[in-house]
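Everything below concerns the one structure shown next.
The values are calculated or read from the model by the stated rules, or taken from the named source; none is laboratory data. Quick caveat, the model's predicted, so the values are computed rather than measured. Every residue, glycine as well, gets a Cβ built from its backbone with ideal geometry; the counts of neighbours run over all protein chains shown. For accessibility, only protein heavy atoms count, side chains too; no ligands or nucleic acids. Shrake-Rupley method; radii C 1.70, N 1.55, O 1.52, S 1.80 Å.
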Amino acid sequence: MNPNVKRVEYAVRGPIVQRAVQIEKELKEGVKKPFTEVIKANIGDAHAMGQKPITFLRQVLALCSYPELLEDNKFPEDAKKRAQRILDSCGGHSIGAYSASQGIECIRQDVARYIERRDSGIPSSPDNIYLSTGASDAIVTMLKLLVCGEGRSRTGVMISIPQYPLYSAALADLGAVQISYYLDEDKCWSLDVAELRRALNAARQHCNPRVLCIINPGNPTGQVQSRQCIEDVIRFAKEEHLFLMADEVYQDNVYAEGCKFHSFKKVLFEMGPEYSSTVEMASFHSTSKCYMGECGFRGGYMEVINMDPEVKAQLTKLVSVRLCPPVPGQALLDLVVNPPQPDEPSYTTFIKERTAVLAALAEKARLTEEIFNTVPGITCNPVQGAMYTFPRITLPQKAIDKAKEEGQVPDMYYCMRLLEEEGICLVPGSGFGQREGTFHFRMTILPPIEKLKVVLQKIREFHLRFTQEFS
Amino acid sequence: MSATRMQFLSPRNARLLSRGRDALLAGGGGGGGGAGGPRVRSLTSPPLSSSSPGRALSSLSATRRGLPQEKMSENGMVSRAKVLTIDTMNPTVKKVEYAVRGPIVQRAVELERELSEGMKKPFAEVIKANIGDAHAMGQQPITFFRQVLALCSYPELLNDSTFPEDAKSRAHRILQSCGGNSMGSYSASQGIDSVRQDVARYIERRDGGVPCDPDDIYLTTGASDGIVTMLKLLVCGEGAARTGVMISIPQYPLYSAALAELGAVQINYYLNEETCWSLDISELQRALDEARQYCNPRALCIINPGNPTGQVQSRECIEDVIRFAAKERLFLMADEVYQDNVYAEGCQFHSFKKVLFEMGPEYSNTVELASFHSTSKCYMGECGFRGGYMEIINMDDEVKAQLTKLVSVRLCPPVPGQALMDLVVNPPQPGEPSYDSFIKERTATLSALAQKAKLTEQVLNTVQGISCNPVQGAMYSFPRITIPEKAIKEATDKGQQPDMFYCMKMLEETGICLVPGSGFGQKDGTYHFRMTILPPNDKLQILLNKVKEFHQRFAQQYS
C-alpha cells in the first residue's frame, strides 16, 4: 500500500480514543469498571460535551432543509429572511443542489464583508474566499498546492511543536518535509523568531523551506499571539520568502485579560504595502469552534492573499474535482458571518446565547489552570484562548521505565492508565510533539462546569496515585 | 482447517493490498523529534505526462539555495517572485483535469452573469446540462427526507404536531446516536454507528441476503471522497513498479483527476460504443498486457450503471470482470452510485458484491472489492449534502486499520449527509404514515427519468450526424457527433479540441451547457458530448430541439 499513508499519524483520534470507544461498549454490556461513564476530553467537540446549538442558526438550517416551514409563523422573520436568501442562491432553491466549487457566491460575499468588519475595513474580495469542508480540508488543499521538488529541493513546511496533528499528518501524506519550531513553554508557549530562524537554517541543509504555519490562538497550547509577535512573524516570512498559513479557527476564543485576537491579515495590511502587497498568505476559519461548536456540519473557509493568479486558477480547478463543500455547512457559515443584527427579532437571544457560551468558556479556562496548578507534578500555563489546556506532567523514572517495558511512550502509558482507571480520555503530549524529556497531555476545557470540576478532581487524584505508585 | 489456512497465507493468495512488514519498522516518525519528517517518497511523473518538469525544477533550485528569484516589474522596480508560482507548485496538481466543471462551465457562469446584467444574448437563460444536479434542474426533494433533516437541525420541532410520527422517530434515533444529541457533534470518523448498521442491512436486503458487516462500511463525503481515499491507499511504487489503475474510456473524470494528483498510472480500457458501450474482457486484457510493460496494474475501476455512457452491465459481464480481476490479481472498485437509475427494459442492476458472493467462496473469499454509493443520484439527487458510503470486502486487516486511521485525519463526514444517507437506506416502511407519499414521490421521479431517457435517445437519433445509444441507466446521454472536417480544422487552428469548439459554440448560440466528450475520453477521431437527461420533460424537449437545430446549423456552416 501507499507508504505515505502508513506514516500518517493523528493522535486526536488515535489508539487511546479507540480504547475509549471500546470501554464505552463494555460499559453498555454491563462490564464492571471503576467508573460509570467515559468522558471524552480528547477533542474540541462542544456539542458532544453538552453545549447547546445557537437557536437562530438551527432555525435557519431547519427552514433551509424543509422550506415548507417558511409558512410556519413560529419562526422569527429574520430566520426566514436568511433562509430565503440562502435558498435563492441555491440551484433550484434547494440545498440539495451542488454549489459552485468555490462555494455559494452570496456566502462568499458575506464572508468577505465579515472579514472587512473584523479587520476594521481592510478590503476583502469574495474572489479570494474559498468555502471548504471544515478548516482541515482547506489546510490540506493549500499544503497540496505548495508541495513540490525532490530530495533536497523537496518542499519543507514549518510547523510549531506542539502542533495540531492535522499538519504532521497532511505533510506525511503529501511526502513533504516537516520542519519543527518549538514554542517556549516557559513564556506561556510564545513564539520566538530566533527559534524560527534556528529551525529554518537547520532545515535548509536538507530541504527547501517554503511555508510557515501558525495556529493562533494556539492548539493545543492555548496561547494568544501579541500583535508584536505577529508583526515579527510577518517580517520573518517576508525576509525568508515563506508562504504564511494562519490557522485562525479559534478567533472568537480569547479569554485572558489583556489578550486580544489580531488577524494576520489585518496586521499584514497595517504594516504597509511593502508587506501587504508581497507576503503570500492563506487564513483559515471554521464553523466548528468559537461559540458555535458546529463540528458536524463541516463548514469553513479560507481567504487567500497575494496568490499568483495562475496558481489561483489551479486551486479553483483542484477544488472543482470534489464538486463542492457540503451545502448545509456553507449555509451555517453564512449565518456565522452574518448573524442577527441589533434591529432584528432574534438579536437579543442570539447575543445572550453567544455571550453565555463564551463567558462559560472563559470561566472554565481559568478554573482549569487554577486547579491543575495546585497539583504537585502538574504545571499549567494560562489558557489564554482556544479550547484546550496542555499541562506539563512530571512522570517518575520508574513509570517511564515501566512504559518503555510495555513499548509505550511514557505519556501514552499515563493517559492509558488514566482512561482505564478513571474513564477520562485525554491525548498524550507525544501526539502533538514536545521537547524531549518533557511530558504533557491535552485536555479540552469544554465539559460543563460541574463536570469539569469532577474531571479535574479525578485527574488530580489519579496523578497523585500514579506518582505514589512509581515513587 | 490448518491446510486451508496455510494456503490462504501462501504468496499466491496474499492480499493485493497489504501492509509491508518492513514498513512496520520504518513507520511512526512523529512525536517530539527534530526537523526531518519522513520523506522517502519521490514523485515520478507517470509516463503519459506532457508537462514540462524541467522548467519547474530549474526555477525551483534557485529558491532552494535561498536565492530568491528576482524579476523586473513593469515600472522597472526589482520585485521578488512569489513563493508559490505556476512553476513552483505541486506538478501533479497541474496535471489534474476535471471537465465537468471545466472552462465551458466557467463560461456558462459568466454568461449567466452577463444575462443578469442585461446583456443581449440569443437566449434568455443558460441551461446547465453539464452535471447530474437534479435539484438544480427542478427536481423536488423527497418530503420525508427533508422533514427528518429539519427535525434533526432544530429538535424543538419534535414537539410540532404537523410532522408525521415516522419522521420524528427517525430524527429521534439519529439524534440519539449523535454526541450530545446534536448533529453539530463530530461523529466517529468511519461514520455514525447506527447509520453504518442501517447501511449494512440495506445492502443485505438489496443483495438477497448476502451478509454485510457494519465494520466494512465507511461513510464518506459523497462517493468522490471514498473513491479518492481508496485510490490513495492503493498507489505505491516508482517507475515501472508504480501502481497502474484501469479505468474505462469514456470515464467519469474524477478518476483521471485523482490518478493525476496521486501520480498513479492511468490505464485506459475502451468501452464498445457499437454494442451499447458494453465492456469486453478481451479489451481489458489488451489494456492490461500493454500496461504491464511500464507500470504495475493493481486496480480495476468499473462504473455501473455507466457515467457518462449510461449502459447497465449484464450479470454475465460482471461475472467475467470478477473472474478477470481474480485471475489478474486486481483490486476491484465498483462505482455503483446510479444503482436505482435503471430504465431500459430487460436491464437490471446487479451489485458486484452480490455477483461475487454468488460465484462461490473461491471468489468471494479472495477478490478484494470496494463498492461506492452516494445520496447524490438515484431518486434523491441530494448532491449538496455530500453523503455517501463505501463497502470494502476482503480487505487486509492491517490495511483496514490504516484506512480507519487515514479517514480520522479529516475527523468525520458531514453529519447532515450521514443522516440523509441513513434515510436513504432506511426509508419509510409499509404501515408507516409517510410510506405512501414517499413511494409516490420516488416512483414519480424514477418514471420521469425513464421517460426522459427514452425521449433523449429518440430525439437525438432523428438528427443526422448524431447517433445515440439507449440510455439504459444513470443520468446522461453520451451521443456521438459527426463534426465536419472544416470545423475540425478551425478548432485545431484555435488550439481547441473539436468537440470543445462545438460545445463552446453551442453554449454561445443557444445557452446550453454540455461537456465535450474529450473531457471523458473517447476513441481517437470520434466526438461526443455528455448531456444530463435531468431537465423537466417540457424543458428537455426544448433543449433537445435546440441541440438539434444547432447541430444542423453547425453541420451546414462547415459543410
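Go through the range B:136-219 and tell me which helices (runs of 4 or more DSSP H), entirely inside it, have 2 or more residues that are in contact with a Leu (Cβ under 8 Å, 6 or more places away or on another chain) and at positive phi.
Output list is empty.
Within the range A:53-67, does at least one residue satisfy the condition of being over 26 Å from B:S189 (Cα atoms) and either part of a loop (DSSP other than H, G, I, E, B) or among the acidic types (D, E) (or both)?
yes
Out of the range A:138-156, which residues are more than 7 Å from chain B (Cβ to nearest Cβ) and touching a residue at least 60 places away in the same chain (Cβ under 8 Å)?
If the condition is that a residue be more than 7 Å from chain B (Cβ to nearest Cβ) and touching a residue at least 60 places away in the same chain (Cβ under 8 Å), then A:A138, A:I139, A:T141, A:M142, A:L143 are the ones that fit.
Going residue by residue through the range A:258-280, is there one that turns out to be small (G, A, S), under 25 Å from A:W189 (Cβ atoms) and crowded, with 22+ Cβ neighbours inside 10 Å?
No, the conditions are met nowhere in the range A:258-280.
Taking the options A:V224, A:V249, name whichever one is in contact with a Pro (Cβ under 7 Å, 6 or more places away or on another chain), modelled with pLDDT of 95 or more, assigned by TED's automatic domain parsing to the domain that holds A:C295 and open to solvent by 10 Å² or more (accessible area, probe 1.4 Å).
A:V224
Go through (1) surrounded by fewer than 24 Cβ atoms within 10 Å (Cβ to Cβ); (2) at pLDDT below 95; (3) more than 8 Å from every other protein chain (Cβ to nearest Cβ) one by one and return the number of the condition A:R85 breaks.
(2)
Could you check the range A:78-194 for helices (runs of 4 or more DSSP H) lying wholly inside it with 1 or more residues that are of a type in the set (K, R)?
Fully inside the range A:78-194 and qualifying: A:105-118, A:134-146.
Looking only at the range A:88-105, count every residue that is more than 7 Å from chain B (Cβ to nearest Cβ), in contact with a Pro (Cβ under 8 Å, 6 or more places away or on another chain) and surrounded by 19 or more Cβ atoms within 10 Å (Cβ to Cβ) and tell me the total.
1
Output the number of residues of the range B:123-161 satisfying the condition of being touching a residue at least 60 places away in the same chain (Cβ under 8 Å) and of a type in the set (D, E).
Final tally of qualifying residues: 2.
Consider B:D207 carefully, then state whether it is touching a Phe, Trp or Tyr at 6+ places or on another chain (Cβ under 8 Å) and not polar (S, T, N, Q).
When the stated conditions are applied, B:D207 passes them.
Considering B:R442, B:R410, which residue is within 12 Å of chain A (Cβ to nearest Cβ), touching a residue at least 24 places away in the same chain (Cβ under 8 Å) and open to solvent by 30 Å² or more (accessible area, probe 1.4 Å)?
Just a single option satisfies the conditions, and that option is B:R410.
With respect to A:T355, is the statement that it is open to solvent by 10 Å² or more (accessible area, probe 1.4 Å), assigned to a helix (DSSP H, G or I), polar (S, T, N, Q) and at pLDDT below 95 true?
Against the criterion (open to solvent by 10 Å² or more (accessible area, probe 1.4 Å), assigned to a helix (DSSP H, G or I), polar (S, T, N, Q) and at pLDDT below 95), A:T355 does not qualify.
On the basis of being more than 10 Å from every other protein chain (Cβ to nearest Cβ), at negative phi and in a helix (DSSP H, G or I), does A:E26 make the cut?
Yes.
Looking only at helices (runs of 4 or more DSSP H) that fall completely inside the range B:448-559, which ones have 1 or more residues that are buried (at least 23 other Cβ atoms within 10 Å of the Cβ)?
Where helices (runs of 4 or more DSSP H) fall fully within the range B:448-559 and carry at least 1 residues being buried (at least 23 other Cβ atoms within 10 Å of the Cβ), they are B:498-510, B:537-557.
Among residues belonging to the range A:16-68 that are at pLDDT 95 or above and of a type in the set (S, T, Y), point out the one that is least open to solvent (accessible area, probe 1.4 Å).
A:S65
From the list A:G423, A:G429, A:G407, A:G377, which one is within 14 Å of chain B (Cβ to nearest Cβ) and on the phi > 0 side of the Ramachandran plot?
A:G407
So which residues in the range B:413-439 are more than 14 Å from every other protein chain (Cβ to nearest Cβ), open to solvent by 10 Å² or more (accessible area, probe 1.4 Å) and not in a loop (DSSP other than H, G, I, E, B)?
B:Y435, B:D436, B:I439
So, in the range B:357-399, exactly how many residues are touching a residue at least 24 places away in the same chain (Cβ under 8 Å) and either in a loop (DSSP other than H, G, I, E, B) or of a type in the set (K, R) (or both)?
17
Limited to the range B:180-207, what total is found for residues that are under 26 Å from the mean Cα position of the chain (by Cα), more than 14 Å from B:E391 (Cα to Cα) and of a type in the set (G, A, S)?
The total comes to 4.
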